[in-house]
1. Step by step: first the residues of the range 195-234, then only those that are hydrophobic (A, V, I, L, M, F, W, C) and in a strand (DSSP E or B), then the one that is farthest from Gln18 (Cα to Cα). Which residue is that?
2. For the list (1) touching a residue at least 24 places away in the same chain (Cβ under 8 Å); (2) more than 24 Å from Gly166 (Cα to Cα); (3) under 17 Å from the mean Cα position of the chain (by Cα), I need the number of the one condition that Ala57 fails.
3. Pick from Arg118, Arg130: which is free of Cβ contacts under 8 Å to residues at least 40 places away in the same chain, surrounded by fewer than 19 Cβ atoms within 10 Å (Cβ to Cβ), basic (Lys, Arg) and within 22 Å of Ile191 (Cα to Cα)?
4. Out of the residues in the range 197-211 that are out of contact with any Phe, Trp or Tyr (no Cβ under 9 Å at 6 or more places or on another chain) and in contact (Cβ under 8 Å) with a residue 40 or more places away in the chain, which is surrounded by the most Cβ atoms within 10 Å (Cβ to Cβ)?
5. Which residue pairs have Cβ atoms under 9 Å apart, sit 6 or more places apart or on different chains, and have a first residue in the range 153-169 that is closer than 13 Å to Gly186 by Cα and in contact (Cβ under 8 Å) with a residue 60 or more places away in the chain and a second that is of a type in the set (Val, Ile, Thr) and surrounded by fewer than 19 Cβ atoms within 10 Å (Cβ to Cβ)?
6. Could you tell me which of the residues Gly82, Gly92, Gly87 is in contact with a helix residue (DSSP H, G or I) (Cβ under 6 Å, 6 or more places away or on another chain) and within 21 Å of Ala178 (Cβ to Cβ)?
7. Among the residues of the range 155-174, count how many are polar (S, T, N, Q) and surrounded by fewer than 21 Cβ atoms within 10 Å (Cβ to Cβ).
8. Checking Ile171 against (1) modelled with pLDDT under 90; (2) in contact with a helix residue (DSSP H, G or I) (Cβ under 7 Å, 6 or more places away or on another chain), only one condition comes out false. Which one?
Amino acid sequence: MAALLEISAIETYYGESQALFGVDLNVQQGQVLAMMGRNGMGKTTTIRSICGMSTIAAGAMQFNGVDIANLPSHKVAQLGIGLVPEGRRCFGNLTVEENLLVAARTANSELSPWDLARVAKLFPRLAERREQSADTLSGGEQQMLAIGRALMTNPTLLILDEATEGLAPVIRQEIWRAVKLLKESGQSILIVDKTLKELLPIADHCIILERGKTVFSGTPEQLDGQVQNRYLGV
């Protein structure tokens, strides 16, 4: 079966400085792929490259059979890739409901469509605060809003970049609960997170980046202590 997202040997630069030296990954339909690595190893640059925010210099990227190498970001989004960026980036002067509605688009997959009511069921706090401006929300509530906003695009593939970073433990658990529900619904997910205790039970497959290159690809069961210490240890 062809991969939903297939990336082969991509290289990306920031000016004359090379950031990616050969990243390979595949996301199958309905799969959760965990992308891991220490800070500065190329995870966010890989996401930026997928989403058309960083230009790749070499390699190939296909999404749902379409060549997306160096497509502009709005075209990538229209094809069905929804991004929850690191740092949330909600529209602070818009209300919760406006943040969600501004991203709404018609579903183009067989998954159950996302609307305001379904987002409110996933994150009841957002329904309680729907008339508040986003800049009055807590960090955890803004993270829920960022996820809800991405879901309102009805993505075929959802990308989560450090969705639990810097959040209180109780909020992190609420985010992980939502990710589990998304997986159970059949949502394809590419997720970056450092908390292996919560990440590995959800993941179907894992890759590790080291200095801008894929150095491990395997199941969570294959990610043994030796591999973790070599590539993920402090």
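The values are calculated or read from the model by the stated rules, or taken from the named source; none is laboratory data. This structure is a prediction, so every number in the text was calculated from the model and none was measured. Glycine gets a Cβ as well: all are built from the backbone with ideal geometry, and neighbour counts include every protein chain shown.
1. Only one residue tops the list, namely Cys206.
2. Among (1) touching a residue at least 24 places away in the same chain (Cβ under 8 Å); (2) more than 24 Å from Gly166 (Cα to Cα); (3) under 17 Å from the mean Cα position of the chain (by Cα), the lone unmet condition for Ala57 is (3).
3. On the way: Arg130 fails: within 22 Å of Ile191 (Cα to Cα).
It is Arg118.
4. My answer is Ala203.
5. Taking only residues 6 or more apart or on different chains, the pairs are Asn154/Thr106.
6. Of Gly82, Gly92, Gly87, the one residue that is in contact with a helix residue (DSSP H, G or I) (Cβ under 6 Å, 6 or more places away or on another chain) and within 21 Å of Ala178 (Cβ to Cβ) is Gly82.
7. Narrowing the range 155-174 to residues polar (S, T, N, Q): 156, 164, 173.
Narrowing the set further to residues that are surrounded by fewer than 21 Cβ atoms within 10 Å (Cβ to Cβ) leaves 173.
The qualifying residues number 1.
8. Here Ile171 clears every test but (1).
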